[in-house]
Amino acid sequence: MTYLHAIIAGLIAGPVYAWAMTLDIPRRRFEARMQRFRNGEGKDPAKAHLGPHKPLWENAVAAGLIVMLVGGIIANMAQV
């Protein structure tokens, strides 16, 4: 894997992840976690960096950058 591959993977994975957060299952799970938080259990899920409570573009940028970062680290470690 090269740095170019990491960038391409991030450009593809970011929007795909953001789209997946708009589906019904992540939204239901978020609402269940929010209800548990309102009942006094667990952390506030609205403070998470990614998730269905964030706008589509914000999820796409954040997820893409994370994938690029991890891919870049792997590419750096793979160089001989």
Two decimals is fine: what's Rg over Rh for the chain, C-alpha atoms, Kirkwood radius as Rh? 1.13
Ranked highest first by average number of other Cβ atoms within 10 Å, how do 51-58, 71-78, 38-45 line up? 51-58, 71-78, 38-45
Note, residue 33: beta-carbon cut-off 13 Å, +1 each Lys/Arg, -1 each Asp/Glu, net +4
What helices in the chain pass both tests, a Cα length along the helix axis of 27 Å or more and a mean Kyte hydropathy of 0.5 or higher, using whole DSSP H runs? 56-78
Relative contact order computed over the chain (Cα-Cα under 8 Å; 6+ residues apart), in percent: 54
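Every read-out reported here was derived from the displayed coordinates using simple, explicitly stated rules and does not represent laboratory data. None of the values given here were measured: they were computed from a predicted structure. Here Cβ is always computed from backbone atoms with ideal geometry, including for glycine, and neighbour counts include all displayed protein chains.
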